[in-house]
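These notes are about the structure you will find just below.
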Amino acid sequence: MMDDWKSLFRPHILARGLDYYESGAVEALERTEHGFHARVEGTEDYEVDIWIKDNRIHDMECSCPYALGGEYCKHMAAVLYEAEEGEEGAKGTVQAGREGSGKTWEEQYQESRKELRDVIDGIPEEELRHILETMALEDQSLRNRILTKYSTTISLGQMVRLKREIEDIAYRYSDRSGYVDWESAGGYISEMETFLYDKVQAVIDKGCYMQAFELTNQVFVTIGNQDMDDSDGGTDMVADTCYKIWQQLLEKCGEQDKNKMQSWFEMHQADGAVMDYMEGYIGDFLMNEFHDREILLKKMEELDHQIEKRRESTDCGKCYSSYRGFENNILKRLQIMKALGASEEELRQYRRKNRGFAAVRMLEIEEFIQAGKNRDAVRVLMESKELDRKFPVWVKEYSQKLIELYKQMHMDKEYKEELLFQVFFCGQDNLEPIARLKEVCEPGEWEQNRERLLKCPSCQSIKLSLLESEKMFDRLLDEVISNGSIYMMDRYEKVLKKAYPDRMRTAYAAYVKSQAENVSDRRRYKELVVYLKKIASYPRGRETACEIAREWRTLYKRRTAMMDELRKAGL
């Protein structure tokens, strides 16, 4: 197995990885050409890749948020524990495989796992219980997992231990002054999320709704008062999860517990229990889920003030909700009216009064479409295109809806005219409407429209994609090289390498030479060496790459990290 891999992880991450491994969260472990690949069950299923070189960890990747921040995560540790078990148990089998057994890594791994299960099956029940009890007493998280999942109820002692686990999470990730820095924030958020999804959900599944509410509130208040670098938005992520659990509890619990929940929200909506912006979640829950009349009326008054300020515009503006994000003022106003018991006639009158706002007309359009009144929908869409002509985003949306309606109604002339309008006047970020236009163009007409498109300012973002789809590789190469973007070169390399290998090799060579003058750290040296290897894959590219490497050894001989990367790459 890899040398001393455990030293790569922080102690608490390693411990969590061991928990995941022992709970059987690692699935589909397989030996790959570069090392290992596996899927790990967590709050979601995460994909893990481990690269091994010279019996050492060379690199690791995981699709979880914590790892995406550049950290080694518990899912990686879990996979390494699983791989270590498989290799230890399969050493003899591996050797036999080398001698011709032909067994796959998965077969070897399953044999190892079966061996472990056979041993466990042979342990007397009392002794097995004693082992599990000892482990649970030493590991608070394991103990809480067992108790919340398998006990018939949640005792006062269990609640004390679960709350202590929340406190311990905050303590482990904080420094002496109680601050969670950016490097620790990902792990902190991940553990709080795991607690909610594992422990609190287990309490809910047991039907102990108010205990689950109490634990969720403690997580919310703890993270709502945590002094931390939250530049990645982790606090909002945990608060959103708390909100969803509150919704689940409100749906499941009885009337008496609902009243207790409402009392908690009313008590804490402005008492300083959490930071100001976190209080927004409490206010949102009272307004949106309990339909608190006083809060609804106050919000409606605020909305009326904002809407009136925009009376001369077709844009009624947006309001902000901590949980829901930005919401359209008019749509929110209508939602509150319904919650307050407004009649259908009152809702119609309000919409009629505010029909000048685009949001009201969009409601009207959608209702016509759902009722199959396509001609009425077309009429309002045409009207809206004119009324909202100063708002390109809305005009584009109206045009897209018209295109779909004309197609359904077999209005071919109008369909083609709207496609022309959409393509040339609405700005495009994909080729789908352009492909539709191509389908309805007469012979020779498409070539004219294509040239017009390539020159059209509103279509420049899809120009290269269009050249690629039309197989105009000579012009595509000219555009990519003149653009000077390495991203563009990489994006279109596959087609251009095949068509113009010499020019692409030359372009990449020019890029690495220009970059080498200004880089000064090992990470960037590694990137340049990757491009040297790319150059070497072209016809006569090996000679070019080696020539560049020789130049760098002369020009940058004092850059020891660069020289080391060139040596490791064999250049």
Problem - Difference of contour (0.36 nm per residue) and Cα-Cα distance, Met472 to Ala28 - result: 155.5 nm
Handout entry: Estimated distance in nm for a label pair at Asn55 and Gln262, the labels positioned 7 Å out from Cα along Cα-to-Cβ
Key = 6.9
Practice task
Which order do the peptides 262-270, 300-308 take when ranked by the mean count of other beta-carbon atoms within 10 Å per residue, highest first?
Solution key: 262-270, 300-308
Problem - Value at 222 nm in deg cm²/dmol, rounded to 500, when DSSP H runs of n ≥ 4 in the chain each add -39,500 (n - 2.57) - result: -21000 deg cm²/dmol
Fill in the blank from the handout: Ordering 160-167, 380-387 by per-residue average of other C-beta atoms within 10 angstrom, highest first, gives 380-387, 160-167
Handout entry: Residues of the range 459-499 with amide N under 15 Å of a point placed 7 Å along Cα→Cβ from Leu431
Key = 460-477, 491-496
Completion exercise
Nearest-0.05 FRET efficiency for Glu294 and Ser343 at R0 = 25 Å, using Cβ-Cβ distance, is 0.70
Completion exercise
The ³J(HN,Hα) series, computed from each phi in the range 408-423 with the Karplus coefficients 6.51, -1.76 and 1.60 at θ = phi - 60°, rounded to the nearest Hz and given as x for glycine or proline, is 4, 8, 6, 8, 4, 5, 5, 4, 5, 5, 6, 4, 4, 4, 4, 5
Exercise for the section: Give Lys401/Lys438; Lys396/Lys494; Lys252/Lys338; Lys309/Lys390 a once-over and call out the pairs whose C-alpha atoms are over 30 Å from each other. Expected result: Lys396/Lys494
Exercise for the section: Would you mind calculating the relative contact order of the chain from Cα pairs under 8 angstrom and at least 6 residues apart, reporting the percent as a whole number? Expected result: 5
Problem - Ranked by how many other beta carbons lie within 10 Å on average, peptides 522-530, 282-290, 408-416 from highest - result: 282-290, 522-530, 408-416
Handout entry: Matching label, Kirkwood radius over Cα pairs in Å computed from the structure shown, candidates (1) 24.8; (2) 30.0; (3) 27.7
Key = (2)
Handout entry: Net length gained if the chain between His305 and Tyr150 were fully extended (0.36 nm per residue, minus Cα distance)
Key = 50.4 nm
Practice task
Excluding Phe473 itself, calculate the net charge of residues whose Cβ lies under 13 Å from the Cβ of Phe473, where each Lys or Arg counts +1 and each Asp or Glu counts -1.
Solution key: 0
Exercise for the section: Would you list which lysines come within 29 Å of Lys557, measuring only between C-alpha atoms, while excluding same-chain residues fewer than 8 positions from it? Expected result: Lys53, Lys513, Lys526, Lys533, Lys534, Lys568
Exercise for the section: Only bridges with both residues in the chain count here: give the DSSP antiparallel percent, nearest 5. Expected result: 90
Problem - Cross-link partners of Lys206 among aspartates and glutamates (Cα-Cα below 17 Å; sequence separation of 8 or more within a chain) - result: Asp198, Glu214, Glu251, Asp257
Problem - Calculated FRET efficiency for the pair Leu555/Arg352, C-beta based, R₀ 45 Å, to 0.05 - result: 0.05
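Bear in mind these aren't lab numbers, they're just calculated from the coordinates by the rules spelled out. No experiment lies behind these values; they were computed from the predicted model shown. Note that we place each Cβ from the backbone using ideal geometry, even for glycine, and neighbour counts take in every protein chain shown.
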